[in-house]
Structure formats: structure tokens, C-alpha cells
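Note sheet for the following structure.
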Amino acid sequence: MNSPLFDVIIIGSGIGGLVTASQLAAKGAKVLVLESYVIPGGSAGYFQRQGYTFDVGASMIFGMGSQGTTNLLTRALDAVNITLKTIPDDVQIHYHLPDNLDIKVDRDYEKFLQNLIAYFPHEAKGIRRFYDECQKVFNCLNNIELLSLEEPRYLLRVFLKNPLACLGLAKYLPLNVGDVAQRYIKDPLLLKFIDIECYCWSVVPAAMTPMINAGMVFSDRHYGGVNYPQGGVGKIAEKLVTGLERAGGKIQYQARVTKIIIEQGKAIGVELANGQTYHAKTVVSNATRWDTFTKLLPPENIPANEKLWQQRYEKSPSFLSLHIGVKASVLPLGTQCHHILLTDWQEMTAAQGTIFVSIPTLLDPNLAPPGYHIIHAFTPDWITNWQGLSPKEYEEKKEIAAGQIIDRLEAIFPGLDAGLDYLEIGTPRTHRRFLNRIDGTYGPIPKRKLWGLLAMPFNRTAIPGLYCVGDSTFPGQGLNAVAFSGFACAHRIGVDLGVKK
Ligand SMILES: NC(=O)c1ccc[n+]([C@@H]2O[C@H](COP(=O)([O-])OP(=O)(O)OC[C@H]3O[C@@H](n4cnc5c(N)ncnc54)[C@H](O)[C@@H]3O)[C@@H](O)[C@H]2O)c1
Ligand SMILES: CC(C)=CCC/C(C)=C/C=C/C(C)=C/C=C/C(C)=C/C=C/C=C(C)/C=C/C=C(C)/C=C/C=C(\C)CCC=C(C)C
């Protein structure tokens, strides 16, 4: 017998899936979220060991500001009557780069510009013009209601309300950062700095990074700011689940979907690994588009537009992650929360080239035992570097790779090795296993230079009743970006199902 009919089944409880679910539940839809893991959050989840609460992945959180329209995580929580206390971070990133560039991206815009201009006084004008142009993009976004671009009546409404902002956005949609930066900046070293400013969140250099996304990242850090959720990043997902359930939605854990059920060409439900089936009017996949169209649906029936997308975008690398517990004395006074380390520009995009560091306990000390800090150090790496190894070879390779990263970190944290209290090493295989992401990928990146964001797919798919949400959907990676994708997905489904509240 068929199980009860839901309005919407959502496969996966990443932030994209949870925002879709909570938005729809708040509108009165009957929602079921199916999550294969034991807690919600996906890449924005956490794990606890020996008194430490480690963030699995994402740790530099945008979208939790208190004003404007781009604070989408705050808005998603607000929609289900939830608040989450956050701790403001004064500096987004402390860069430690080749050519002795030691630059802090201060929350205060002017202070950041002056930090950068101190290294490039001859480019003072160009620096200001470039970052000011990013602010223009942001101001357009921050002036309109952010919903589904697949909904013509919304587009018309938002256009009539704010034509200049819409035309501004339409102008920037096909542009990449490199095109704009080169208009204003000539110094090759400064252009390399703009490259790493993009690479550290888009995983591609400026030439391939969409201008709309840079407008968000390079401006919101000085507007809403980077704010860390008290209790750890995992609290965002936990709180969204609380709001979802209060609004009447359901979530089931350890529920791995193995198949999207298609009848007469339409998605009508899902089947779990244990054989159980659930039926609904619509199905949303928060798994990556690759996982959705190769594992959850028969690979031989990939719709033509998905094939085209796969020709244009490829999987970015995954990460090698070190979750470290360390004596507090290791961190010099005044250490910032987030760091980027690179010693050779040639290595920026190479596996284990750029190291990202996050020390959340500088903002929320309760995540570690008294007298200790968490250092989460991660660096891009490919799954192919970690396959075909015996268990012993795999463990040895992990130890060697971790040792090399720790040696490199000693440059900014002398005494780190001696001060180690706890170490857990994750590889691309770990990311694949626990996050259910194909090859453990961080998300899609353009295979070649594309027209900004124009080639990114929205939430609808070629299969009626099936939608996608998350970072392989417009506008891409980032918690605030997948939150947008969740708002847009819920909006489009709400209109399609005639959900009114
Ligand atoms: N290290 C990092 O910083 C890092 C790494 C990867 C991703 N990210 C970021 O995380 C965010 C990703 O968010 P998202 O919303 O796209 O999704 P997500 O990948 O975080 O979450 C997807 C969820 O779906 C679940 N899932 C997948 N397949 C399933 C199935 N068949 N059945 C049931 N559950 C299933 C997974 O367990 C996971 O909880 C992005 O912001 C991305 O940039 C960060
Ligand atoms: C009508 C007409 C004429 C027209 C129309 C037009 C329009 C309206 C348009 C619109 C558009 C839109 C809405 C768009 C949107 C967008 C968005 C929202 C975007 C977002 C984005 C975001 C992002 C990108 C973010 C990101 C972030 C990230 C990724 C981060 C990361 C980080 C990392 C990884 C790093 C770490 C570091 C250390 C530790 C150092």
C-alpha cells in the first residue's frame, strides 16, 4: 500500500534542503525531509570528540547579518520564528601570501582598503574602483526581495518595484570578476591577490568567478559581516529543524534514498535503502546534480540539459581536513579566526597548495575544553589521490599528509606540533562517505570560462515534479548561496502547488 501523500519530499538536510523544507512548511505545505546521516546539516554539520565540537566543513558564515535582504540565513530562521545568537568576526581573513603579502580583510571597509593600498599605493584608485563596483552589485541584490528567477510574476513585480536594481543585476549576470578587475587594476601581483580572494571561496581564479557572487562575498563581509553561530555551525541546521518541526514538517534520519520513483515521466516519490517508499506531489533533491542524475535516477536517462550542464561544469576537488585540538598557548596574542596560507603563487590551485585555517574557539571558546583551541585546517585535494590504497597505506598516507600540513602551519603557529592534544584527519574519501557527495566534491566549477552565472541551472529539472536545490544549483557554493537556492526552490514549488499561506 502507498504511504501517505506529502506535498513535498526533500532528499537531504543540507542547508539548501532545510531552507526549502522550512519555507514550505511555514507556508502550510506537508513536508518530509529524508536524511541519510544521523544529524542534519550535511557540509554544515558537526561532530564531537573528547570535549571538542568540530565543524565538518563550512565555518566562515555569511548571511547572518541583521539588515537588508541578503541575510538569508537569518531570514530563513526568522520565517519559522527562530533566532540564533551569533558572534561577529572583526576580520574575515588574514592572508599569509607569497611576496611577503600579509593582509587582513577587516570588517570595516575603509580599514581593509587601506591595508591593501599600503602594499599597492600606485593602485589606490583602481583598488577602490574595483571593490566599489562589487558593492554596486551587492546594493542591487540587497534592495530586492530574493526569490525564484524561474517565476515570471515575481520577476515582473520586482522589476516594477526596483527597475534600476534589476537592470544592474541583469548587466552583471554574464560577467566574471577577472573582466571587471582588469579594467581597473594593472599590477600583476595585485591581480594575483584578486585571484586568491576569489579562489578561497569559488575554487577558481577571478577569470572564472561570477561577478554576482563576488559582489555578495566582497561586500557582505563589510555589511552584514561574517558572524559565527554560538554553539557551532551545526546549530544553524539544528535550529532550522526545530522551526521545520514546529511548523508541522517532518524529518527522518538514517533514511538513505536510493531511487526517485518516476511514473509516466513524472517524479512521484522515493524509495529508501530499506525498501520503504514515500509518495509526494513533488520531490526535491538536495544531493548534488551528479548524484541525483546518476545514482538516484537511471544514468541512461539523463535529460539533455543536465548533460549540457555536465559538459560545462566539472566537480571541484574535495578537501584534506585536519581537525586539531591544541593548547591555547600555541596561538599568539591577537590571532584571527580565519587564515589563508600560500607559499608559491604557482601552487594556488594545486592539490594541497592553498591551506585554509579556521579557529572557531577564538569566537566561541565553549567548543573546546578550557585552555584548548580548535584549529580546522583544510586544503583542496582530489579523491583520485586517495584511491587504490590498502587500509595500511591509506592510514600512512594520512599521517604523512597531516605532518606536512602541520609543518607548514608552524610558520604562523610556532609550537603547534608540540601543543597537539587531538588530531582527526579527513580525506576526500571521508567527505564522500559522510556527506554523500560524489567524489567528496566541494561543488561545481566551470570547465572553461563561462558567461558568469548564466549557465547555472535553477531549481526546476526536465522531469516534471522533480526539483534540485543546493550548491549545484544557481548561484553555487556557500551557505548563503544555498540558502538562496532554498528560498527560490520553495517559492517555485509554492507557486506550482498553489500553496497559499
Ligand atoms: N569543507 C567545506 O567547507 C565544504 C565542503 C563541501 C561543501 N561545502 C558547502 O556546503 C554547502 C552545501 O550545501 P547543500 O545544501 O548543497 O548540501 P550538503 O551537501 O551540505 O547536504 C546534502 C545533504 O543531503 C544528504 N543526502 C545526500 N544524498 C542523500 C540520499 N540519497 N538520501 C538521503 N540523504 C542524502 C547528505 O547526507 C547531506 O546531509 C555549500 O555551501 C558548500 O559550499 C563546504
Ligand atoms: C527582470 C530583469 C530585467 C532582470 C532580472 C535580474 C535579476 C532579478 C537577477 C537576480 C539575481 C539574483 C537574485 C542573484 C542572487 C545571488 C546570490 C544570492 C548569490 C550568493 C552568493 C553567495 C556566495 C557565493 C557565498 C559564498 C561563500 C563561500 C563559498 C564561502 C566559503 C568559504 C570557504 C570555503 C573558505 C573558508 C576560508 C577560510 C577558513 C580561511
Given the convex hull of the Cα atoms of the chain, what is a quarter of its surface area in nm²?
22.9
Where does the stretch 314-367 land on Rg/Rh, using Cα atoms and the Kirkwood Rh?
1.04
3J(HN,Hα) from dihedral phi, the stretch 421-437, Karplus parametrisation 6.51/-1.76/1.60, rounded to Hz, x for glycine, proline
10, 8, 9, 10, 10, x, 10, x, 5, 5, 4, 5, 5, 7, 9, 6, 9
Report, by chain and number, residues whose modeled amide H sits under 5 Å from the one on Ile10, excluding near sequence neighbours (fewer than 5 apart, same chain).
Leu32, Val33, Leu34, Val284
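Please give the length that would be gained between Lys327 and Arg129 if that part of the chain were fully extended, namely 0.36 nm times their separation in residues minus their C-alpha to C-alpha distance (nm, one decimal). Walk me through the intermediate numbers first.
Working: separation 198, 0.36 × 198 = 71.28 nm, distance 4.32 nm.
Extra length from Lys327 to Arg129 when fully extended: 67.0 nm.
Thinking of the stretch 287-331 as a set of Cα atoms, what percent of all their pairs are more than 14 Å apart? Spell out each step's value before the answer.
Working: 637 of 990 pairs.
Pairs farther apart than 14 Å: 64 percent.
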Determine the calculated [θ] at 222 nm for the chain from helices alone, applying -39500 (n - 2.57) to every DSSP H run no shorter than 4 residues and normalising by the residue count; nearest 500 deg cm²/dmol.
-10500 deg cm²/dmol
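Could you give the size of the charge dipole of the chain about its Cα centre, using +1 on the Cβ of each K and R and -1 on the Cβ of each D and E, expressed in debye and rounded to the nearest 20?
Numbers: 49 positive and 46 negative charges, 363 e Å.
It comes to approximately 1740 debye.
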Of the cross-linked pairs Lys307/Lys392; Lys104/Lys327; Lys27/Lys449; Lys125/Lys171, which ones have a Cα-Cα span greater than 32 Å in the structure shown?
Lys307/Lys392; Lys27/Lys449
Can you list the aspartates and glutamates whose alpha carbon is less than 12 Å from that of Lys30, not counting same-chain residues fewer than 8 positions off?
Asp7, Glu245
Using modelled backbone amide H atoms (1.01 Å from N, in-plane), which distant-in-sequence or interchain residues come within less than 5 Å of Lys259's amide H?
Glu271
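Would you mind telling me the share, in percent, of accessible area of the chain contributed by carbon and sulfur at probe 1.4 angstrom? Don't skip to the end; give the middle numbers.
Working: 10770 of 20270 Å².
It is 53 percent, rounded to a whole number.
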Looking at Trp201, Phe159, Leu320, which one has the Cα that reaches farthest to the positive end of the dipole of the chain (charges on Cβ: Lys, Arg +1; Asp, Glu -1)?
Phe159
Once you put a point 7 Å from the Cα of Leu164 and another 7 Å from the Cα of Ser390, both along the Cβ direction, what distance in nm separates them?
7.0
P(r) for the stretch 117-224, please, calculated from all Cα pair distances in 10 Å bins and given in %.
15, 43, 29, 11, 2
Note, the stretch 304-314: 3J(HN,Hα) by Karplus (6.51, -1.76, 1.60, θ = phi - 60°), whole Hz, Gly/Pro = x, goes 4, 6, 6, 4, 4, 4, 5, 6, 8, 10, 10
Whose amide H sits under 5 Å from the amide H of Tyr52, counting only residues 5 or more places off or on another chain, with H placed in the peptide plane?
none
Please work out the average accessible area per residue across the chain, using the 1.4 Å probe convention, and give it in Å².
40
If you take every DSSP beta bridge whose two residues both sit in the chain, what share of them, in percent to the nearest 5, is antiparallel?
70
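The values are calculated or read from the model by the stated rules, or taken from the named source; none is laboratory data. Only a predicted model underlies this, so the values are computations on that prediction, with no experimental measurement involved. Cβ atoms come from the backbone with ideal geometry, glycine included; neighbour counts cover every protein chain shown. Keep in mind that these areas ignore ligands, DNA and RNA; they rest on the heavy atoms of the full protein, side chains included. Shrake-Rupley method; radii C 1.70, N 1.55, O 1.52, S 1.80 Å.
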